[in-house]
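Remarks on the structure that follows.
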Ligand code: NAD
Ligand code: MN
């Protein structure tokens, strides 16, 4: 059997529940396709601090460096103070510049927006997430927005390469360059330059506030959304609603050296520890991970089982109108493998 060493960060809130469900499904599928997983398990955030005195233990950094691939649950970030986001810190540390988020309808789920199939490429290392903030005086706060030619060009290149490889036809760069003439102006300038190397892909630019309206009116006009860090964060949650919400949409943080796979959603403290969370988003993130490590057969098997469970519609979690818990749902997926 093929054994894959993978760094595992269960996270907190609903993290441990959706991670346990996902791992059980991967192991059950792996038994059928001849692969196994050697999970290297680490805490991060407040839990890690309580145990080790570090928010991101050195051993976790080392593990990701060695394994080059991680599966991550959500980690709670304190609001208005406290420690810097673990997610942002890991993305910057490993230069995971491309946040890839496919938004695709699952069969059987009722939605006002059937058959959605769009992809978001979110720049993942700069913008206002650079964390450069100062109090100029007690009454004036300043956060710096950093946009670079390098950062903008490489995320644009990721999106166009993906379009070419997967036969996608259209890329919209989303921006606010009418107001942020320099930073967003540089971003779209770089996107446009990259677009010229890809004559087979249609390139367009939309302003972000209009994009929100356009998405709600007619999301089908978008194929690939290419955007900066903050707009990408917000548009991802918006787009998740087309396909049933945050419980569904997966993501990958991709860099040249390594990759961290995680859902779009956060730690959902409102439902944590109650066997209510939908593990689909993390499971589909794990499916992306399986493709990344050349386990396409295992990935396809899991995706097919997941779609079978949704199509049957009998064992769904509450967020998508069902009555089942996290565990019962994951058992149904395992039974469908
Ligand atoms: P959230 O994504 O955690 O939750 C938003 C809403 O969606 C809640 O009602 C929640 O119950 C629901 N939801 C989310 N995931 C779900 C799932 N799998 N199944 C069913 N329902 C689900 O967003 P929030 O409440 O704004 O943030 C909570 C915490 O998560 C914050 O500390 C935030 O910083 C953190 N966060 C972490 C990450 C990450 O680790 N990558 C991402 C986003 C937010
Ligand atoms: Mn987010």
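A few notes on this one:
Yes or no, residue by residue, for (1) more than 11 Å from residue 71 (Cβ to Cβ); (2) free of Cβ contacts under 8 Å to residues at least 24 places away in the same chain; (3) surrounded by fewer than 18 Cβ atoms within 10 Å (Cβ to Cβ):
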site: 9; (1), (2), (3): no, no, no
site: 24; (1), (2), (3): yes, no, yes
site: 29; (1), (2), (3): yes, no, no
site: 53; (1), (2), (3): yes, yes, yes
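- Failed condition for residue 50, given (1) in a helix (DSSP H, G or I); (2) over 20 Å from the mean Cα position of the chain (by Cα); (3) within 14 Å of ligand 1 (Cβ to nearest atom): (3)
- Residue 279 vs. criteria within 24 Å of residue 156 (Cβ to Cβ), in contact (Cβ under 8 Å) with a residue 40 or more places away in the chain, crowded, with 18+ Cβ neighbours inside 10 Å and in contact with a helix residue (DSSP H, G or I) (Cβ under 7 Å, 6 or more places away or on another chain): no
- Exclusive hit being surrounded by 15 or more Cβ atoms within 10 Å (Cβ to Cβ) and modelled with pLDDT under 95, set 85, 105: 85
- When residues of region 220-256 are limited to those that are farther than 14 Å from residue 117 by Cα, in contact with a strand residue (DSSP E or B) (Cβ under 9 Å, 6 or more places away or on another chain) and assigned to a loop (DSSP other than H, G, I, E, B), the one nearest to ligand 1 (Cβ to nearest atom): 247
- Taking (1) away from ligand 2 (no atom under 16 Å from the Cβ); (2) assigned to a loop (DSSP other than H, G, I, E, B); (3) touching a residue at least 60 places away in the same chain (Cβ under 8 Å); (4) in contact with a helix residue (DSSP H, G or I) (Cβ under 8 Å, 6 or more places away or on another chain) in turn, residue 286 satisfies each apart from (2).
- Among all residues of region 191-210, there is at least one that is away from ligand 2 (no atom under 16 Å from the Cβ), under 22 Å from residue 143 (Cβ atoms) and in a helix (DSSP H, G or I).
- One residue from 138, 78, 114, 74 being within 16 Å of ligand 1 (Cβ to nearest atom), modelled with pLDDT of 95 or more and more than 30 Å from residue 192 (Cβ to Cβ): 74
- Some residue of region 269-281 being closer than 20 Å to residue 168 by Cα, within 16 Å of ligand 2 (Cβ to nearest atom) and part of a helix (DSSP H, G or I): no
- Among the residues of region 221-230, those identified as away from ligand 2 (no atom under 11 Å from the Cβ) and touching a residue at least 60 places away in the same chain (Cβ under 8 Å) are 222, 223, 224, 225, 226, 227, 228.
- Flag for residue 262 being outside the structural domain of residue 60 (by TED's automatic domain parsing) and buried (at least 24 other Cβ atoms within 10 Å of the Cβ): no
- Any chance residue 44 is in contact (Cβ under 8 Å) with a residue 24 or more places away in the chain, in contact with a strand residue (DSSP E or B) (Cβ under 6 Å, 6 or more places away or on another chain) and within 13 Å of ligand 1 (Cβ to nearest atom): yes
- Put simply, of 216, 194 the only residue that is surrounded by fewer than 20 Cβ atoms within 10 Å (Cβ to Cβ) and either away from ligand 1 (no atom under 16 Å from the Cβ) or closer than 22 Å to residue 90 by Cβ (or both) is 216.
- Restricting region 237-256 to residues that are closer than 19 Å to residue 89 by Cβ and out of contact with any helix residue (DSSP H, G or I) (no Cβ under 8 Å at 6 or more places or on another chain), the residue that is farthest from ligand 2 (Cβ to nearest atom): 256
The values are calculated or read from the model by the stated rules, or taken from the named source; none is laboratory data. These numbers come from a predicted model, not from an experiment. As a convention, Cβ positions derive from the backbone with ideal geometry for all residues, glycine included, and neighbour counts pool all protein chains shown.
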